[in-house]
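Undergrad: This structure is in structure tokens; I'll ask about it shortly.
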Amino acid sequence: YFVNNFDEGRILRGVEIIEYFLLFFVTALLVFYACNYIDKSNLVIQNLTETAMTDSLTNLPNMRFFTQQFAWIFNKSQKRKKALSLFIIDIDHFKEINDFHGHQAGNTVLAQFSSILKNRTFPPRTMFARIGGEEFAVLLQNVGTEQAALIADFLRDEIERAKFPYNPVSGNVTVSIGVASMGYNYRTTESLFEAADQALYQAKQNGRNQIAIHQEESE
């Protein structure tokens, strides 16, 4: 269109063609570098966001990410009236590992436990997170109490049979698991989390290396 200027019925002169070419070339170059800069900036922001939401030792989501996703998944399950179960897992006698073998040994146990979690087959859309110290959370969508109890016990048994390079003085590495499933009395994420935490406490009190299911009181 610009080389053949039909409106004026003439062909642009050589100098005009060069001017237009340079204008388009410089503009395209500026647009390219601007897009490239934006793309790299977005990648940096994405990496920073992932880093802020990931536990550096285990490469699992951290408590901040878990809290955000938990709220979203909880509300979605409530609206759709779908089952939702939560595990809170605690590595038994973990302090003994740190005290006897050192903190690096404890980190090795945490990393191996996390690897078992990630490599084990769970129902679709299951989410894991390290929520602090030797505590982990597992959120299972569309999973009710009975199925959740079976999954939790299989996981507990798998950890008991696994070979860890470091063990507590009292025996092999084991876990206690508190299980709670969403029901009428759990109106918020906090109430469901508290129920699973209470079940975990019960498992610990009963001797560790076991699961406990929070029994929801009827309304």
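The values are calculated or read from the model by the stated rules, or taken from the named source; none is laboratory data. Just so it is clear, the structure is predicted and the values come from calculations on it, not from any experiment. Note that each Cβ is placed from the backbone with ideal geometry, even for glycine, and that neighbours are counted across all protein chains shown.
Undergrad: Take Thr27 and decide whether it is at pLDDT below 75, out of contact with any His (no Cβ under 7 Å at 6 or more places or on another chain), farther than 30 Å from Gln198 by Cβ and of a type outside the set (Asp, Glu).
TA: Here the answer is no, as Thr27 does not meet what is asked.
Undergrad: Scan Lys118, Lys82, Lys95 and give me the residue that is in the same structural domain as Arg187 (by TED's automatic domain parsing), farther than 26 Å from Leu192 by Cβ and basic (Lys, Arg).
TA: Just a single option satisfies the conditions, and that option is Lys95.
Undergrad: Please give the number of the condition Phe94 fails out of (1) buried (at least 18 other Cβ atoms within 10 Å of the Cβ); (2) closer than 19 Å to Ser176 by Cα; (3) in contact with a strand residue (DSSP E or B) (Cβ under 9 Å, 6 or more places away or on another chain).
TA: Of the numbered conditions (1) buried (at least 18 other Cβ atoms within 10 Å of the Cβ); (2) closer than 19 Å to Ser176 by Cα; (3) in contact with a strand residue (DSSP E or B) (Cβ under 9 Å, 6 or more places away or on another chain), the odd one out for Phe94 is (3).
Undergrad: Looking for whichever is free of Cβ contacts under 8 Å to residues at least 60 places away in the same chain and in the same structural domain as Phe113 (by TED's automatic domain parsing) here; the options are Asn172, Asn209. Which one fits?
TA: After ruling out the rest, the residue left standing is Asn172.
Undergrad: Test of understanding: among Tyr201, Tyr166, which residue is aromatic (Phe, Trp, Tyr), outside any helix (DSSP H, G or I) and in contact with a Gly (Cβ under 9 Å, 6 or more places away or on another chain)?
TA: Tyr166
Undergrad: Right, here's the next one. When residues of the range 163-186 are filtered for being within 21 Å of His101 (Cα to Cα), at pLDDT below 95 and aliphatic (A, V, I, L, M), how many remain?
TA: Going through the range 163-186 one residue at a time, the tally reaches 1.
Undergrad: Follow-up question, since we're still on this one. Restricting to the range 116-143, and then to whatever is farther than 17 Å from Ser181 by Cα and β-branched (Val, Ile, Thr), can you tell me which residue is surrounded by the most Cβ atoms within 10 Å (Cβ to Cβ)?
TA: Ile131
Undergrad: Then there's this: In this structure, is Thr58 at pLDDT below 95, among the hydroxyl-bearing types (Ser, Thr, Tyr), under 16 Å from the mean Cα position of the chain (by Cα) and not in a loop (DSSP other than H, G, I, E, B)?
TA: no
Undergrad: Checking the conditions here, which among Gln112, Gln104 is out of contact with any His (no Cβ under 9 Å at 6 or more places or on another chain), exposed (fewer than 12 other Cβ atoms within 10 Å of the Cβ) and more than 26 Å from Ile213 (Cβ to Cβ)?
TA: Gln104
Undergrad: Within the range 140-152, does at least one residue satisfy the condition of being of a type in the set (D, E, K, R) and under 21 Å from the mean Cα position of the chain (by Cα)?
TA: Within the range 140-152, not a single residue is of a type in the set (D, E, K, R) and under 21 Å from the mean Cα position of the chain (by Cα).
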